[in-house]
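The values are calculated or read from the model by the stated rules, or taken from the named source; none is laboratory data. All figures in this text were calculated on a predicted structure; none of them were measured in a lab. All Cβ positions, glycine included, derive from the backbone under ideal geometry; neighbour counts span all protein chains shown. We work out accessible area using only protein heavy atoms, side chains counted, and drop any ligands, DNA or RNA first. Shrake-Rupley method; radii C 1.70, N 1.55, O 1.52, S 1.80 Å.
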Amino acid sequence: MTVDALTDVAGLRVGHATRRGEGWLTGTTVVLAPPGGAVAAVDVRGGGPGTKETDALDPRNLVRTVEAVVLTGGSAYGLDAASGVMAWLEEQGRGVRVGPDPSHVVPVVPAACVFDLGRGGDFRARPDAAVGRQAVEAAAASEPGGRVAQGCVGAGTGATVGPVKGGVGTASTVLASGVTVAALVVANAAGSAGGPGTGGLYGELFQGRVEYPDPRVHQAARRRLAEAAARHTPPPLNTTLAVVATDADLSKAQAQKLAGTAHDGIARAVRPVHLLNDGDTVFALATGARPLDAGQPLALNDVLAAGADVVTRAIVHAVRAADPVDGPGGAWPAYEKLYGPR
């Protein structure tokens, strides 16, 4: 049974650490690979990324697999959360072997951050190594194949998408070949997820016929959003982060292609994206449990197309699962509180 989440890729686990209240509105999310790691790659499209260890994922470089990926709030300060994940992995003896003793490992932990500084009221309230450890421990303790909390949790706690609250979302699909493709996103963008003329979500348009919100509901929502926007003090800065994963047996170069085409999924769901202040970053993970069909030279194309599709759906899930915030750092209504559920 699938749960429409990143954890439908067997062996992957997700853990959140969430900090709210007393100036905090931030957190960290960790995607934990099975022991031995997963083939990993990355594609960065934003002009202002905040990342760690992404050079190691270049197909030309040594590291082939990673044990975990960190998505975090706190802007560049929050990348310190990866240190807590590294420490936990070292204790488990998981990482790149660099010496004769099994404990001689260096965990390579790629990480990327979103800007949420000050949204809880305290600019200095941001994730650190302890928060990263909490998130990876939560991932390790989670049930294999279990549901993943969505909305204002983990790295999506302080996320916003244009004038509404953002958050964490996830989605998955199983191809006709039996290959699973899934994504987890942190939707945090200055761009909007909904059309200004109708309020309908961009990310739902490609799924078929869309029933747009009642025009009177949309006009009331626009007034509420304008009132909330007047209270924002930090500048809206873009970043959508994603981990797209599959159980297909991919090389690093193929995984990098998957990370690149998955950005199409962001562009369908949020406008604008990939600008100078964006940190838009997509990681790709491949566990290698299922070989691609050697008799179908274009079998990889199905995986690439599905990666973009699940990223789009995950962003929609993030926006629809979000809770409103009204505090010292600003006010961000939740989409479904304004427009109602689908």
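Please give the helix 129-141 orientation as an angle from the longest Cα principal axis of the chain, in degrees from 0 to 90, rounded to the nearest 10.
Roughly 70 degrees, rounded to the nearest 10.
For Lys252, give me every one of the lysines with a C-alpha distance below 29 angstrom, ignoring sequence neighbours fewer than eight places off in its own chain.
Hits, sequence-local ones excluded: Lys52.
Enumerate the amide H contacts of Val105 below 5 Å, restricted to partners 5 or more residues apart or on another chain; note that Pro and chain-start residues carry no placed amide H.
Result for Val105 returns Val98.
How large is ³J(HN,Hα) for each residue in region 107-123, as worked out from phi by the Karplus curve 6.51 cos²θ - 1.76 cosθ + 1.60 (θ = phi - 60°), to whole Hz, x for Gly and Pro?
Going residue by residue, I get x, 9, 10, x, 8, 8, 10, 10, 8, 9, 4, x, 6, x, x, 10, 4 Hz, with x marking Gly and Pro.
What is the sum of charges, Lys and Arg at +1 and Asp and Glu at -1, for the other residues whose Cβ falls under 14 Å from the Cβ of Asp122? It would help to have the intermediate numbers written out before the result.
Details: positive: Arg19, Arg20, Arg119, Arg124, Arg126; negative: Glu22, Asp116, Asp128.
Every neighbour counted, the sum reads +2.
Could you provide, to the nearest whole Å², the per residue accessible area of region 6-339 with probe 1.4 Å?
Using a 1.4 Å probe on heavy atoms only, each residue of region 6-339 averages 39 Å².
Could you pull out every residue, at least 5 positions away or on a different chain, whose amide H is within less than 5 Å of the one on Leu25? Hs are placed 1.01 Å off N in the peptide plane, and Pro or chain starts have none.
For Leu25, the qualifying residues are Gly120.
List every residue whose amide H lies under 5 Å from the amide H of Asp128, counting only residues 5 or more places away in sequence or on a different chain, with H placed 1.01 Å from N in the peptide plane.
none
Restricting the count to DSSP beta bridges whose residues both fall in region 6-339, what percent are antiparallel, rounded to a multiple of 5? If you can, show how the numbers build up before the last one.
Values: 50 of 61 bridges.
In region 6-339, approximately 80 percent of DSSP beta bridges are antiparallel ones.
Relative contact order of the chain: what whole-number percent is it, with Cα pairs under 8 angstrom and at least 6 residues apart?
Normalised by residue count, the contact order of the chain is 24 percent.
Hey, what angle do you get for helix 252-269 against the long axis of the chain, alpha-carbon based, 0 to 90 degrees rounded to 10?
For 252-269 against the chain, the angle is about 10 degrees.
May I ask you to list the residues of region 158-183 whose amide nitrogen lies under 16 Å from a point 7 Å from Cα along the Cα→beta-carbon direction of Asp323?
158-160, 165-169
Could you work out how far helix 81-91 tilts from the main Cα principal axis of the chain, as a 0 to 90 degree angle to the nearest 10?
Between the helix axis and the principal axis of the chain, the angle is about 30 degrees.
Among Pro324, Gln134, Ala305, which residue has its Cα positioned farthest towards the positive end of the charge dipole of the chain, with +1 placed on the Cβ of Lys and Arg, -1 on the Cβ of Asp and Glu, and the dipole taken about the Cα centre?
Farthest towards the positive end: Pro324.
With all protein chains present, how much of the accessible area of the chain (probe radius 1.4 Å) comes from carbon and sulfur, to the nearest whole percent?
Roughly 51 percent, rounded to a whole number.
Before anything else, pin down the relative contact order of region 1-108: Cα pairs under 8 Å, at least 6 apart, normalised by residue count, whole percent.
Relative CO of region 1-108 lands at 21 percent.
Among Ala56, Ala245, Ala193, which one shows the highest mean-square fluctuation when the chain is modelled as a Gaussian network with alpha-carbon springs under 10 Å?
Checking each option, the largest mean-square fluctuation is seen for Ala56.
Could you give each residue of region 271-283 its phi-based ³J(HN,Hα) in whole Hz, using Karplus coefficients 6.51, -1.76, 1.60 with θ = phi - 60°, and x for Gly or Pro?
9, x, 9, 6, 8, 5, 8, 7, x, 3, 9, 10, 9
Report the net charge of residues surrounding Val303, where surrounding means a beta-carbon distance below 12 angstrom and charges are Lys +1, Arg +1, Asp -1, Glu -1.
-3
Tabulate in residue order the Karplus-calculated ³J(HN,Hα) for region 321-328, using 6.51 cos²θ - 1.76 cosθ + 1.60 with θ = phi - 60°, rounded to whole Hz; enter x for Gly and Pro.
Running phi through 6.51 cos²θ - 1.76 cosθ + 1.60 with θ = phi - 60° gives 8, 6, 9, x, 10, 9, x, x Hz.
If you keep only loop residues by DSSP, which trypsin sites (Lys or Arg not before Pro) in region 85-136 have at most 16 other Cβ atoms within 10 Å of their Cβ?
Arg124
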